[in-house]
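First comes the structure, then the notes that go with it.
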Amino acid sequence: MQRMINGISVHTFGKATNQAIVFIHGFPFDHTLWDDVIDEFKDEYYCISYDIRGFGKSEIETAQFTMESYVQDLESVVLGLKLNKPIICGFSMGGYIALRANERENYKALILANTATNSDSDEAKLKRAAGISNIDAKGLEPFIDAFFSAAFSEDFVKEEPLKIKDKVMNTNSIAIKAALLAMISRTDTTQSLNKIDIPVLLITSENDKIIPKETMEQMASKIKNSTLVSLSESGHVSMIENPDEFKSAVRSFLQSLCH
């Protein structure tokens, strides 16, 4: 079922009486990134995916996005659906949103895939700023091509992501640039990791060129109730490149919550 909540396009799957899982996609994708994962779990869980503001069918309204406004949108979705202690699953930028949201609210558990807690270094800020300038000067496609080269393994880029690219290319470039600015200005959530007292699954990839495995290993060492799974033969977008291992890791974690 699809509905709009405060300008956010929200999709729900399964019975509302089951344990809720909210899936937050990463940059520069939309909610369909999670379709295969949700198909795996919608019979047992109440699965919710949504388009981050400006992406997919969610409204833009203003180009002045911040990580805080993204978090507020997540909270609007949770409140609008009357979810009680959902599990929050965030990938990459979606993980940034989940980590900051967890500092503001108590959830049942977190699933963090290919993400990090640190705010941007000066080098990273300059790289994102250059990306914005390049989009203005050359259009969106060269930026997306460069991103895909970093986000996916070389073999996967050759064979698979044409449909994914078509979806991304339909995204308003204003939303892409606004998301880059939101990531530039996000807070560092590292200091709150040792305060997390809920179960956390961290999923990393052996060949992630955007957020290295070592980064998530450091995160796991700071969270007392954490499980770290490293996926083989996968780049950054792990649920797409290695869906079987990704879903297996999530299933094992969800089953562990019941014991």
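The values are calculated or read from the model by the stated rules, or taken from the named source; none is laboratory data. All values reported here derive from a predicted model rather than from experimental measurement. Please note: Cβ atoms are built from the backbone with ideal geometry, for glycine as well, and neighbour counts cover all protein chains shown. Just the protein is used for accessible areas: all its heavy atoms, side chains included, with ligands, DNA and RNA removed. Shrake-Rupley method; radii C 1.70, N 1.55, O 1.52, S 1.80 Å.
With the cut-off at 19 Å, report for region 204-259 the share of all Cα pairs above it, as a whole percent. The partial results should precede the final answer.
On the way: 486 of 1540 pairs.
In whole percent, the share of Cα-Cα pairs in region 204-259 beyond 19 Å is 32.
Could you give the dipole magnitude of region 2-257 about its Cα centre, charging the beta-carbon of Lys and Arg +1 and that of Asp and Glu -1, in debye to the nearest 20? Each step should come with its number before you reach the end.
Numbers: 27 positive and 36 negative charges, 165 e Å.
Once rounded to the nearest 20, the dipole reads 800 debye.
Can you tell me the relative contact order of region 153-259? Whole percent, Cα pairs under 8 Å, sequence separation 6 or more.
Details: 104 pairs, mean separation 24.9, N = 107.
Dividing the mean separation by the residue count of region 153-259 yields 23 percent.
If one computes the Cα centroid of region 1-25 and of region 141-161, what distance in Å separates the two points?
First find each Cα centre; the distance between them is then 29 Å.
Give the shape of region 1-137 as rounded, prolate or oblate, defined through the alpha-carbon gyration tensor: a ≥ b ≥ c are the square roots of its eigenvalues, a/c under 1.5 means rounded, and otherwise the shape is prolate if a/b is larger than b/c and oblate if not.
Values: a/c = 1.89, a/b = 1.63, b/c = 1.16.
Verdict is prolate for region 1-137.
Given a 1.4 angstrom probe, what's the average accessible area per residue across the chain, in square angstrom? Intermediate results must be reported in sequence, preceding the final value.
Details: 11790 Å² over 259 residues.
I get 46 Å² per residue for this part.
What nm value, rounded to one decimal, do you get for the distance between Glu159 and Lys247 when each label is placed 7 Å out toward the C-beta?
According to this spin-label approximation, the distance is 1.8 nm.
What percent do you get for the relative contact order of region 2-257 when only Cα pairs under 8 Å and 6+ apart count? Don't jump to the answer; show the numbers that get you there.
Details: 466 pairs, mean separation 49.4, N = 256.
So the answer I get is 19 percent.
How large, in percent, is the carbon and sulfur part of the accessible surface of the chain at a probe radius of 1.4 Å?
Working: 5600 of 11790 Å².
C and S fraction of accessible area: 48 percent.
Considering only Phe143, Leu180, Thr190, whose Cα is most displaced toward the positive end of the charge dipole of region 2-257, charges sitting on Cβ of Lys, Arg (+1) and Asp, Glu (-1)?
Farthest along the dipole direction, towards plus: Thr190.
To make sure I understand the rule: partners must be lysines, Cα under 17 Å from the Cα of Lys195, and not fewer than 8 residues away in the same chain. Which ones qualify?
Hits, sequence-local ones excluded: Lys108, Lys222, Lys224.
How far apart, in nm, are the 7 Å Cα→Cβ label points at Lys222 and Lys195?
Result for the modelled spin labels: 1.2 nm.
From the helices alone, meaning DSSP H stretches of at least four residues, give me the mean residue ellipticity at 222 nm for the chain, per-run term -39500 (n - 2.57), in deg cm²/dmol to the nearest 500. Don't jump to the answer; show the numbers that get you there.
Values: 11 runs with 117 residues, N = 259.
Result for the chain, helices only: -13500 deg cm²/dmol.
In whole angstrom, note down how far apart the Cα centers of region 211-246 and region 38-113 are.
That distance is 19 Å.
Pairs to check: Lys163/Lys209; Lys15/Lys85; Lys82/Lys167; Lys125/Lys213; Lys85/Lys247. Give those whose C-alpha atoms are more than 25 Å from each other in this structure. Mind showing how you got there, number by number?
Details: Lys163/Lys209 22 Å; Lys15/Lys85 16 Å; Lys82/Lys167 30 Å; Lys125/Lys213 21 Å; Lys85/Lys247 22 Å.
In this structure, Lys82/Lys167 exceed 25 Å between Cα atoms.
Report the net charge of residues surrounding Gly14, where surrounding means a beta-carbon distance below 12 angstrom and charges are Lys +1, Arg +1, Asp -1, Glu -1. Show your work: numbers first, answer last.
Details: positive: Lys15, Lys42; negative: Asp39, Glu40, Asp43, Glu44.
Around Gly14, the charge tally is -2.
Ranked from highest to lowest mean number of other Cβ atoms within 10 Å per residue, what is the order of the peptides 68-75, 237-244, 119-126, 56-63? Don't skip to the end; give the middle numbers.
Values: 68-75: 19.0, 237-244: 21.2, 119-126: 12.1, 56-63: 15.1.
Peptide ranking by packing, descending: 237-244, 68-75, 56-63, 119-126.
Can you tell me the dipole magnitude for region 1-111 around its Cα centre, using point charges on the Cβ only (Lys, Arg +1; Asp, Glu -1), in Debye to the nearest 20? Each step should come with its number before you reach the end.
Working: 10 positive and 15 negative charges, 70 e Å.
Result for region 1-111 is approximately 340 debye, rounded to the nearest 20.
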